[in-house]
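Encoded as structure tokens, the structure appears first; notes follow it.
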Amino acid sequence: MIPRVMVVGGGIAGMQAALDVANSGYEAVLVERLPSIGGHMAQLSETFPTLDCAQCILTPRTVEVGHHDKIKLFTYSAVESVEGEIGAFRVRLRREATYVDWDVCTGCGTCYQKCPFQAESDFERGIGPRKAIYTLGPQAVPNKPVIDPAACKYMLTRAEREAQGKKPQCGACAKLCPTGAIRFDDAPRYFEEEVGAIILATGYDLMSPVRLPEYGGGTIPDVIDGLAFERLLSSSGPTAGAVRRPSDGKTPETIVFVQCAGSRDPERGAPYCSKICCMYTAKQAMLYKHRVHHGQAHVFYIDIRAGGKRYEEFVQRGIHEEGTLYHRGKVSRIYRDSASGKVIVRGADTLNGKSTEIEADLVVLAMAVLPRADAPEVAARLGVEIDANGFFVSRNDEFEPVVSTRPGVYLAGVATGPKDIPETVAQASGAAGKVLSLFRQWEFPSPPTPLPQGARGVRSTK
Amino acid sequence: MGIPYFPGCTLSTTATGYDRSGRAAAAALGMPLDEIEGWQCCGATFPLAVDNSMAFIAPTRILTQAEHAGGMVTTLCVVCYHVLKRSQVMLERSPEMLERINWFTEQPYHGQVRVTHLLEVLRDDLTWEGLRAAVKRPLAGLRVAPYYGCLLLRPAAEMRLDDPERPTILHDCVRALGAEVVDFPYSVECCGSYLAVEKKDVPDQLSLKIVQSAKRSGADCIVTACPLCQYNLDYPQRSYHPPYVGDAAESLGIIRGVPVLYFTQLMAVALDLPRADWGMEGLYVDPLPLFSRGEFQTRPVPNEEADA
Ligand SMILES: Cc1cc2nc3c(=O)[nH]c(=O)nc-3n(C[C@H](O)[C@H](O)[C@H](O)COP(=O)(O)OP(=O)(O)OC[C@H]3O[C@@H](n4cnc5c(N)ncnc54)[C@H](O)[C@@H]3O)c2cc1C
Ligand code: SF4
Ligand code: SF4
Ligand code: SF4
Ligand code: SF4
């Protein structure tokens, strides 16, 4: 019985679970697919319902995870295979080639400041680019860069140039790096870790707007998704927190938010409610108003689901104090008017029984929360189950929401279904608690003393 | 080889030009439309009450006739197509309903007819290449805005004809005839449908938007496959004409008319059929000036601003 846990996924759920276990004195191995930890929370600007700056509350945690002597961090890594069972899992990990020797790199940033080549950034949701050598942001943990071989000029030209007896192009980063950390010959590496329990916290993706052709299907530059808008609001984002629309950099004076975009829509594959978007839409409309005082925010909604502590009050504040205009009804079509450059939003207003049309400068789609696209493979590799929508299944939804269908494997965060940060963190602590009680039992295996028969509240069993 | 054809009431009474151009074009393409014998009205609306077996008797009877005529039926009217196709799907899914109706009609239907729209036959049987090869007078330079409406495509799970949000079947047909496709944002918007009967102002407003949008996108004409759409887009335009013509109409924000044609009429022109087979007499906005220029030269796109 190995009292060590592996946490798969380094979002807020995985971090919280790893910290809870590590702070109880047990070791945690945290595996994150991206070059640094934080998950989607690292993309957010400010968080409902407190409007705390997301980076400010996240950074102390990422730093703690990064420095914790009981947390072994594998970033840019994923699980290859799992053998064994509860108490003794043998997990094989694959770490992608970073092309930078992180043991030597000091994180000075010279390389990505000087790199002359850019690529589209998933992290910036298409709103801004990144370099061919990059980190996910100034606060990244670990703050060490990786090279994208599909964007790096050196690596792209290498085979051809060397065949001609010439040197590959560029190589600026290698020349400028003060510690000589660049390794163009890097290759993936494999590791094996032995743990007694596993927590799955792989989180979510947003549905791609390509799946909603009636909303432009991702072809209209000024129709973006919620995460892209978080990047526009974020002071560490591509516009340094100024709200400017992608097409021409203009400040949008009329902005339309479309709730339930893809959610609650069995025909689009997400029959469920994504649970967080009513709240983050209310937040985003408010934050927009804080940045663009003369602007007008409109929200189209089916109904407002604000079931959480102080959540309804938050939505009401948006309506009454920040002047967000709510229209009850679905949007049926979004298109770009080529003459004016405006984005036309057509929808129903079911309160006055008429159809409405708003000429917007920017449209934000609250796209459905989806499980990770590779959830089926991850589930197969770990021997757990997923439901019809692709979220991980608990052994018992009422009483064991964080326990998977496989002994020794626990679940936390949005990987089990849509939820916000407070709920995610509570679940992560719950999963960590389950693991800790296992470890405690393994170390002190004495059975609890039974109460005497007939004691108050104890029924005799026959 | 002829194709069993169900004309339906609208094409036999008001939209006769659609019927005429459709028959003529199909015949010219070597697949004449053979009117099925003894047909009656399909009911013209798909009954939404699932237990309403009465309303399914008419469409089932037509399907039975098609079964005898060779297991296939084609239509031009989109409303008929919608009703027949959905009835067919419903009968496939509900053997109980099929049995019940068969018991009543005493004319057993076996439930296996291929219900098609002529557009579908062009795409799947003739192919667009086949159509392109048959064109004698390519409509080069003619800017055509394809207008689908809803009944042709929706509900997509039952109609299974094309993507309901980004359809291409009319686009492809227009291109095969050598014309230029004008994409406009209202091409799959609803025209107001039967509200034309009850609440005239709704389709009138919708129609204005649709026509205006096509016009602003630089279209010479709108092409459709549905007599209801054709009527709803064309008829309200008669009031854009006298007394508001030309500059006066524009200064009032009212636009000049955009002809609304059936795809079969464009086919009749492109296949170089006699004028009588074009069947354009019944249209409100006269499309003939479009075709009197002889060849369709590429002209500059009209200034959008000026028309708006
Ligand atoms: C636009 C928007 C705004 C939001 N605003 C708020 C807000 O204001 N307040 C609030 O409370 N909530 C908000 N949320 C919700 C919040 O983002 C989530 O509750 C939270 O991020 C969930 O954390 P998580 O760790 O479960 O998942 P994620 O953040 O998705 O983290 C999962 C991590 O696992 C990694 N991973 C995935 N698969 C693998 C794998 N196979 N192997 C290894 N690693 C893997 C991922 O790279 C990622 O780092 C918002 C959400 C959106 C979309
Ligand atoms: S320049 Fe060298 S040391 Fe500095 S961040 Fe880049 S790789 Fe690391
Ligand atoms: S070699 Fe050039 S392109 Fe490649 S990462 Fe280094 S600086 Fe960027
Ligand atoms: S949380 Fe609100 S916006 Fe999101 S799917 Fe549910 S009801 Fe729609
Ligand atoms: S108070 Fe209850 S009934 Fe009303 S919205 Fe909230 S959860 Fe629903």
- prompt: B:R160 passes all but one of (1) within 13 Å of chain A (Cβ to nearest Cβ); (2) free of Cβ contacts under 8 Å to residues at least 24 places away in the same chain; which number fails?
  reply: (1)
Residue list for the stretch A:139-152, restricted to those being within 16 Å of ligand 2 (Cβ to nearest atom) and without any contact (Cβ under 8 Å) to a residue 60 or more places away in the chain: A:I147, A:D148, A:P149, A:A151, A:C152
query: A:A426 passes all but one of (1) modelled with pLDDT of 95 or more; (2) more than 30 Å from A:R264 (Cα to Cα); which number fails?
result: (2)
- request: Output the residues belonging to the stretch A:77-103 that are surrounded by 14 or more Cβ atoms within 10 Å (Cβ to Cβ) and either within 16 Å of ligand 5 (Cβ to nearest atom) or not in a strand (DSSP E or B) (or both).
  value: A:I86, A:G87, A:E96, A:A97, A:T98, A:Y99, A:D101, A:W102
- line: Considering residues that are within 20 Å of A:T424 (Cα to Cα) and either within 16 Å of ligand 2 (Cβ to nearest atom) or not acidic (D, E) (or both), the number found within the stretch A:285-329 is 8
- prompt: If A:Y335 satisfies every condition in (1) within 14 Å of another protein chain (Cβ to nearest Cβ); (2) without any contact (Cβ under 8 Å) to a residue 24 or more places away in the chain; (3) more than 16 Å from ligand 4 (Cβ to nearest atom) but one, which is the exception?
  reply: (2)
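Which one of these is open to solvent by less than 10 Å² (accessible area, probe 1.4 Å) and not assigned by TED's automatic domain parsing to the domain that holds B:C41: B:L152, B:L84? Steps first, answer last, please.
On the way: B:L84 fails: not assigned by TED's automatic domain parsing to the domain that holds B:C41.
Within the list B:L152, B:L84, the selection yields B:L152.
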- prompt: Within the bounds of the stretch A:54-70, is there any residue that is under 22 Å from A:G241 (Cα atoms), in a helix (DSSP H, G or I), within 16 Å of ligand 2 (Cβ to nearest atom) and modelled with pLDDT of 95 or more?
  reply: no
- prompt: Which one of these is small (G, A, S) and surrounded by fewer than 21 Cβ atoms within 10 Å (Cβ to Cβ): A:G39, A:G14, A:G25, A:G10?
  reply: A:G25
message: I'm checking my understanding of the structure. Among residues of the stretch B:161-176 that are at pLDDT 95 or above and over 16 Å from the mean Cα position of the chain (by Cα), which one is surrounded by the most Cβ atoms within 10 Å (Cβ to Cβ)?
response: B:A176
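Does any residue of the stretch A:300-313 turn out to be in a strand (DSSP E or B), more than 14 Å from every other protein chain (Cβ to nearest Cβ), at pLDDT 95 or above and buried (at least 19 other Cβ atoms within 10 Å of the Cβ)? Step through it out loud before you land on a result.
We begin by selecting, within the stretch A:300-313, every residue in a strand (DSSP E or B); these are A:300-301.
Adding the requirement that they be more than 14 Å from every other protein chain (Cβ to nearest Cβ) leaves A:300-301.
Checking which are at pLDDT 95 or above leaves us with A:300-301.
Of the ones still in play, those that are also buried (at least 19 other Cβ atoms within 10 Å of the Cβ) are A:300-301.
Yes: one or more hits.
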- prompt: So which helices (runs of 4 or more DSSP H) stay within the stretch B:41-133 end to end and still have 3 or more residues that are within 21 Å of the chain's Cα centre (by Cα)?
  reply: B:53-68, B:78-93, B:118-121
task: Would you please list the contacts, defined by Cβ atoms under 7 Å and residues six or more apart or on different chains, that run from a residue in the stretch A:168-195 that is acidic (D, E) to a residue that is part of a loop (DSSP other than H, G, I, E, B) and away from ligand 1 (no atom under 16 Å from the Cβ)?
output: A:D186/A:A97; A:D186/A:Y99; A:E194/A:I2
query: Within the stretch A:256-268, is there a residue that is farther than 30 Å from B:P155 by Cα, surrounded by 23 or more Cβ atoms within 10 Å (Cβ to Cβ), more than 22 Å from the chain's Cα centre (by Cα) and away from ligand 1 (no atom under 14 Å from the Cβ)?
result: no
- request: Exactly one condition in (1) open to solvent by 10 Å² or more (accessible area, probe 1.4 Å); (2) on the phi < 0 side of the Ramachandran plot; (3) more than 14 Å from every other protein chain (Cβ to nearest Cβ) is not met by A:G323; state its number.
  value: (2)
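Return the residue satisfying two criteria in turn: it lies in the stretch A:168-188 and is open to solvent by 60 Å² or more (accessible area, probe 1.4 Å) and out of contact with any Ser or Thr (no Cβ under 9 Å at 6 or more places or on another chain), and of such residues it is farthest from A:R90 (Cα to Cα). Talk me through it step by step, then tell me what you get.
In the first step, residues of the stretch A:168-188 are kept if they are open to solvent by 60 Å² or more (accessible area, probe 1.4 Å); the result is A:169, A:175-176, A:178, A:183, A:185.
Restricting the remaining residues to those that are out of contact with any Ser or Thr (no Cβ under 9 Å at 6 or more places or on another chain) gives A:175, A:185.
Numbers: A:K175: 41, A:D185: 29 Å.
Here the answer is A:K175.
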- prompt: Quick check: is even one residue across the stretch A:129-151 within 16 Å of ligand 1 (Cβ to nearest atom) and small (G, A, S)?
  reply: yes
query: Across the stretch A:413-434, what is the total count of residues that are closer than 15 Å to A:M41 by Cα, hydrophobic (A, V, I, L, M, F, W, C) and either buried (at least 24 other Cβ atoms within 10 Å of the Cβ) or in contact with a strand residue (DSSP E or B) (Cβ under 8 Å, 6 or more places away or on another chain) (or both)?
result: 4
- prompt: If you go through the stretch B:94-103 one residue at a time, do you hit one that is in the same structural domain as B:I62 (by TED's automatic domain parsing), on the phi < 0 side of the Ramachandran plot and of a type in the set (S, T, Y)?
  reply: yes
- prompt: Out of A:F48, A:F74, which single residue is assigned by TED's automatic domain parsing to the domain that holds A:F89, under 22 Å from A:I276 (Cβ atoms) and either open to solvent by less than 40 Å² (accessible area, probe 1.4 Å) or more than 9 Å from ligand 1 (Cβ to nearest atom) (or both)?
  reply: A:F48
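The values are calculated or read from the model by the stated rules, or taken from the named source; none is laboratory data. Since this is a predicted model, take the numbers as computed values, not measurements. Quick reminder, even Gly has a Cβ in these numbers, built from the backbone with ideal geometry, and neighbours come from all protein chains shown. Note: accessible area is taken over every heavy atom of the protein model, side chains too, but ligands, DNA and RNA are not part of it. Shrake-Rupley method; radii C 1.70, N 1.55, O 1.52, S 1.80 Å.
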